[in-house]
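Here the structure is laid out as structure tokens; the discussion comes afterwards.
The values are calculated or read from the model by the stated rules, or taken from the named source; none is laboratory data. Note that this is a predicted model, so its numbers are computed, not measured. Glycine gets a Cβ as well: all are built from the backbone with ideal geometry, and neighbour counts include every protein chain shown.
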Amino acid sequence: MRIFTQGSEKMKKRIKPIGNTIWLKIVLTIVLFIPAYAQVAYDPAATTDVIAAVMSNPFVIQVSWLLPIFKLLLLAVVILSIVNIKTSKNILIVYYAFILLVVGIFQNMANTEEYGFVILLGNILVQFIVLAFLIYDIIKSKTKIDNKSLNTKRLWIIPLMLLAFLMPYAINSDGNIYLSFSFSILFNEAGVTYCMITPVVIGLLLLYSKGVDKATLSVISYVGFAFGLLNMMTWFIMNSADWWMGVLHLPLLIIAFYGLITVYKEKTNDGANKHARHW
């Protein structure tokens with residue numbers, strides 16, 4: 001019986017949650033680069049232009065009166081998570097799953113002038129894989145926000161979260177993006193934009209990481225980091241005239257990368273603690 005128990009414990013140690021595995025991250029990376037579907041055929045070299053055409057006017061922002069509602073909803077979810085009412089301990093994960101379903105579909109589709117109807121297949125599939133992990137997390141009640149577990153050493157994340165949430169920008173007469181803190185930022189599309197919602201979500205999970213499932217955090221952070229890197233190349237290299245949009249994507253890159261580091265460190269510490277208890 002003892003041999004069986006020891007064998008079972010070893011098997012548990014060997015089995016990693018899928019969200020923490022390297023192979024899943026490889027799959028996510030490959031899927032992300034699946035070519036877009038476009039009604040009008042395009043040269044693969046113009047992929048960045050196709051993506052930019054979709055992101056400039058996706059279906060999700062075309063109902064303008066919904067934009068402030070979704071922004072306020074995100075703010076309400078953050079507040080409820082921090083207040084930590086019993087029924088709202090995992091409201092952040094539930095809301096992120098819901099908004100990822102909306103954004104995953106409607107932010108990655110658009111009718112464009114040059115390419116006709118376009119679907120960014122790679123983006124949708126990757127975001128739906130994340131959605132599957134979120135649904136699993138919700139069903140198993142894996143992640144709970146505990147408002148008593150605030151990590152004060154991570155308060156530096158909050159300004160980055162605010163930058164993403166506010167998304168302060170405007171477009172000048174030449175069509176270029178620049179910094180603007182006008183009243184309109186209260187009604188912009190940050191609440192329905194993956195790259196602005198995700199750093200807010202990861203940031204809150206990191207601030208209250210005690211009850212956060214590491215596999216869930218790993219998947220969300222990896223995909224966020226991948227999108228962050230792609231946006232760095234897009235806005236700082238390929239479309240440098242709109243470099244401010246690159247700055248607005250820095251919260252996603254930095255917070256998601258820190259999420260990956262945190263998962264790695266906490267897994268290492270958990271392993272060391274288990275080893276110490278064993279001895």
query: Which of the residues spanning region 51-71 are aliphatic (A, V, I, L, M), over 23 Å from V200 (Cβ atoms) and in contact with a strand residue (DSSP E or B) (Cβ under 6 Å, 6 or more places away or on another chain)?
result: A53
message: Let me confirm something: among I34, I30, which residue is assigned to a helix (DSSP H, G or I) and either crowded, with 18+ Cβ neighbours inside 10 Å or out of contact with any Phe, Trp or Tyr (no Cβ under 9 Å at 6 or more places or on another chain) (or both)?
response: I30
task: Output the number of the condition that F181 fails; it satisfies all remaining conditions of (1) among the hydrophobic types (A, V, I, L, M, F, W, C); (2) at pLDDT 95 or above; (3) loosely packed, with under 15 Cβ neighbours inside 10 Å.
output: (2)
message: Quick check on S56: is it among the polar types (S, T, N, Q), out of contact with any helix residue (DSSP H, G or I) (no Cβ under 8 Å at 6 or more places or on another chain) and either crowded, with 20+ Cβ neighbours inside 10 Å or within 26 Å of F165 (Cα to Cα) (or both)?
response: yes
Failed condition for I18, given (1) at pLDDT 95 or above; (2) closer than 25 Å to K214 by Cα; (3) in contact with a helix residue (DSSP H, G or I) (Cβ under 6 Å, 6 or more places away or on another chain): (1)
message: Please count how many residues of region 134-161 are crowded, with 19+ Cβ neighbours inside 10 Å, touching a Leu at 6+ places or on another chain (Cβ under 9 Å) and over 14 Å from I254 (Cα atoms).
response: 3
